[in-house]
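The values are calculated or read from the model by the stated rules, or taken from the named source; none is laboratory data. Remember, it's a predicted structure, so these values are computed and weren't measured experimentally. Note: ideal-geometry Cβ built from the backbone for every residue, glycine included; neighbour counts use all protein chains shown. Surface areas here come from the heavy atoms of the whole protein model, side chains and all, with no ligands, DNA or RNA. Shrake-Rupley method; radii C 1.70, N 1.55, O 1.52, S 1.80 Å.
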Amino acid sequence: MILGHETSGVVSVIGDDVTSLKVGDRVAIEPMNPCLKCEFCKAGRYNLCPKIPLWIPADGHYTRYVAHPERFCYKLPDHVSFEEGALIEPLAVGVYAAERADVKIGKRVLIVGAGPIGMMCLLCARAAGATEICVADIFQGRLDSVKKVGVSSTTVLVDSKNADIMAKKIENTMGGMPDITMECSGSEAGIQMAINATKSGGMVALSGLAPPVATLSLAMAAVRDLNIAMVFRYGHDCFEKALAAVSAGVIDVKPLITHHYPLEKTVDALEAARLAKDGAIKIVVDCHRA
């Protein structure tokens, strides 16, 4: 199986029925290809379309050429680079997470996990109006990278497995408990910390991919009447919103791009991303290079 689903490129060939694109157009590619006929697609929730396999796409984009439906190719404005175009897809996840978490002006937001999706949630939370943001992670190196994003925020190093201890540390750092927590690590410990740290009546949005089975103490969520929202992929207009935000300069994803690798060294690129080598955040694989 070919990997890769965060992509931009140039249209080289079009089908007979294509009307909105022409050869030479620069595009960002939304990787989902839903049926657009089922009840979920008709309701605008095509991220739930049963036609789409759990891991998408089945054949990815680490290749020279990709065939993709016209409907899910978006023209890039001239001032938006290919690198920015490739980051529209993960940014769309952040857009959807912020919507599901109901981030609004004046809200205090905690982000658990400073990986790529955590960074996207950071950008989207600020764009949505969050006035105080804290990012927590188990790796100091990742927290150091948060400063490069250009969004004012505090950071907390997760140095205890005790969720109550960490909740108090976060509260002290933020000057109060967060109204909203966007959990982006997907870890059992991260989810529990998110629940314990969030203000009573607040929101916990689970953006990270959790393990198939997780042991959690939900009593804290129940007695404090927390809202828990699941975030799976993104909704029907999130990709367009993400592209519009980047195009208008509302969100700047350029600081996240830290490394470039040619297609022939994709394995090295993936390993560098896994290890966050040399401060890697988002690594671009340049498929057009010989």
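Below are the figures for this structure:
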read-out	value
Accessible surface of segment 107-261 [probe 1.4 Å, protein heavy atoms]: carbon and sulfur percent	57
Built amide H within the under 5 Å cut-off of Leu110, gap 5+	Cys134, Ile180, Thr181, Met182
Asp102/Arg64 FRET efficiency (R0 41 Å; Cβ-Cβ; nearest 0.05)	0.45
Computed magnitude of the charge dipole of segment 88-217 (debye, nearest 20; Cβ of K, R +1, Cβ of D, E -1)	240
Dipole magnitude (debye, nearest 20) for the chain, charges at Cβ of Lys, Arg, Asp, Glu	380
Extension gain (nm, one decimal) between Lys265 and Gln140, 0.36 nm per residue minus Cα-Cα	42.2 nm
Estimated distance in nm for a label pair at Arg45 and Thr215, the labels positioned 7 Å out from Cα along Cα-to-Cβ	3.2
Net length gained if the chain between Asp164 and Val250 were fully extended (0.36 nm per residue, minus Cα distance)	27.4 nm
Ranking by accessible area, most exposed first, for Arg26, Arg233 with a 1.4 Å probe	Arg26, Arg233
Rounded accessible area per residue of segment 172-290, 1.4 Å, Å²	48
Along the chain, longest interval not containing exposed chymotrypsin sites (Phe, Trp or Tyr not before Pro), exposed being DSSP loop plus at most 15 other Cβ atoms within 10 Å	140-231
Cα centroid separation - segment 207-268 against segment 99-124, whole Å	9
